Amino acid sequence: MKEIIAMHGWGSDSQSWKQWKEYFKNNGWLWQSMDRGYGSLPPTTVKWFSSKQKKFDSKSQRVIICHSLGAHLIEPNIYKTATEIVFLSSFGRFIPEDKESRAIKIALQGMQKALGSPSEEKMLMKFLEKSSSPYLIDQLTSGPISKTLSSSGRKNLQSDLDLLINTQGIPTGISSKSRVLTIFGQKDSILHPSSITLFINDLNNHLHHRPINWTIPGDGHSILIPGLIPRVEKWLTLSK
């Protein structure tokens, strides 16, 4: 059995995986997308299909693919039995431990204050512009920010921003036996370079197999480069 659980990042929703889902399902994978319920879609959690069996098949693949903060929104029990993990623009500690940490924390606290205020839309669109850069916003899959937030979704955005501010290390539950691929855009306008370096170093120290790290030239936080999806599937096939 080959299955994937995917988790979007802050401000997005499960529709962001549309192209990924279509490609992998067409190539024999079972796909499930989690959703935090920021907008019109309800919050959803999932379990491995193979967990219904008495024991996991040693030949099966249980893959997690997550974007940005989505890495911290995956439940530990899902991480524990993942055979492979693909981290897209992900991080362990978001706020770096350097001279720029105070400015980044103040900016994030400003985003928290803007939620639910008259400046909310302006703040969210600014975030979306940075996240989509160097692409135009309309090249992203339309999500909650560009549509309408639900009242409960706004609360989730607020609590998830708290989570982001307080991240200290790699997500809880990651098995040291998992094979890991990290992918970052060279022109990421959201992640601080030292946060990326720290994340990779922490993974190196935690995992039995050193992670494979890809940096995509000219791409940003959303990583929209054509051809990435089949390239990831090829890595998953070869990692077995």
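The values are calculated or read from the model by the stated rules, or taken from the named source; none is laboratory data. If you're wondering where the values come from, they're calculated on a predicted model, not measured in any experiment. Virtual Cβ from ideal backbone geometry, glycine too; neighbours counted across all protein chains shown.
If I ask for residues that are surrounded by fewer than 17 Cβ atoms within 10 Å (Cβ to Cβ) and either of a type in the set (A, V, I, L, M) or assigned to a loop (DSSP other than H, G, I, E, B) (or both), which ones from region 154-163 would you list?
Step one: filter region 154-163 for residues surrounded by fewer than 17 Cβ atoms within 10 Å (Cβ to Cβ), giving 154-155, 158-159, 162-163.
Leu163, the sole residue that qualifies.
For region 203-240, which residues satisfy the criterion of being more than 17 Å from the chain's Cα centre (by Cα) and either over 19 Å from Phe24 (Cα atoms) or outside any helix (DSSP H, G or I) (or both)?
Asn204, Asn205, His206, Leu207, His208, His209, Arg210, Pro217, Gly218, Pro226, Gly227, Lys240
Taking the options Ile65, Ile95, name whichever one is under 21 Å from Gln168 (Cα atoms), assigned to a loop (DSSP other than H, G, I, E, B) and of a type in the set (A, V, I, L, M, F, W, C). Give the derivation first.
Details: Ile65 fails: assigned to a loop (DSSP other than H, G, I, E, B).
From the options Ile65, Ile95, the qualifying one is Ile95.
Residue check: is Lys187 modelled with pLDDT under 95, surrounded by fewer than 17 Cβ atoms within 10 Å (Cβ to Cβ) and basic (Lys, Arg)? Give the steps one after another, and end with the answer.
Numbers: modelled with pLDDT under 95: no; surrounded by fewer than 17 Cβ atoms within 10 Å (Cβ to Cβ): yes; basic (Lys, Arg): yes.
Here the answer is no, as Lys187 does not meet what is asked.
Can you name the residue in region 1-35 that is among the hydrophobic types (A, V, I, L, M, F, W, C) and more than 21 Å from Pro226 (Cα to Cα) and is also nearest to the chain's Cα centre (by Cα) among such residues? Before the answer, list the steps.
Taking region 1-35 as the starting set, the residues that turn out to be among the hydrophobic types (A, V, I, L, M, F, W, C) are 1, 4-7, 10, 17, 20, 24, 29-31, 34.
In the following step, the residues that additionally are more than 21 Å from Pro226 (Cα to Cα) were identified as 1, 5, 10, 30, 34.
On the way: Met1: 23, Ile5: 11, Trp10: 8, Leu30: 19, Met34: 11 Å.
Applying the filter and picking the extreme gives Trp10.
Answer yes or no: is there a residue in region 110-132 that is closer than 30 Å to Leu228 by Cα, among the aromatic types (Phe, Trp, Tyr), in contact (Cβ under 8 Å) with a residue 40 or more places away in the chain and part of a helix (DSSP H, G or I).
Yes, because at least one residue in region 110-132 is closer than 30 Å to Leu228 by Cα, among the aromatic types (Phe, Trp, Tyr), in contact (Cβ under 8 Å) with a residue 40 or more places away in the chain and part of a helix (DSSP H, G or I).
Looking for something without any contact (Cβ under 8 Å) to a residue 12 or more places away in the chain and within 26 Å of Leu108 (Cα to Cα) - is there at least one such residue anywhere in region 42-63?
Yes, region 42-63 contains a residue that is without any contact (Cβ under 8 Å) to a residue 12 or more places away in the chain and within 26 Å of Leu108 (Cα to Cα).
Pairs please, first residue from region 163-186 and without any contact (Cβ under 8 Å) to a residue 40 or more places away in the chain, second anywhere and outside any loop (DSSP other than H, G, I, E, B) and polar (S, T, N, Q), Cβ atoms under 6 Å, 6+ apart in sequence or on different chains.
Close Cβ pairs (under 6 Å, with a partner that is outside any loop (DSSP other than H, G, I, E, B) and polar (S, T, N, Q)) amount to Gln186/Thr215.
Which of the residues spanning region 133-158 are in contact with a helix residue (DSSP H, G or I) (Cβ under 9 Å, 6 or more places away or on another chain), touching a residue at least 24 places away in the same chain (Cβ under 8 Å) and β-branched (Val, Ile, Thr)?
Selection gives Thr141, Ile145.
Looking for whichever is surrounded by fewer than 16 Cβ atoms within 10 Å (Cβ to Cβ) and farther than 22 Å from Leu224 by Cα here; the options are Ser142, Ser151, Ser146. Which one fits? Can you show your working first?
Values: Ser142 fails: farther than 22 Å from Leu224 by Cα; Ser146 fails: farther than 22 Å from Leu224 by Cα.
So the residue among Ser142, Ser151, Ser146 that is surrounded by fewer than 16 Cβ atoms within 10 Å (Cβ to Cβ) and farther than 22 Å from Leu224 by Cα is Ser151.
Which members of region 84-106 meet the condition of being loosely packed, with under 12 Cβ neighbours inside 10 Å and either under 16 Å from Gly9 (Cβ atoms) or within 21 Å of the chain's Cα centre (by Cα) (or both)?
none
Across region 66-101, what is the total count of residues that are modelled with pLDDT under 95 and acidic (Asp, Glu)?
3
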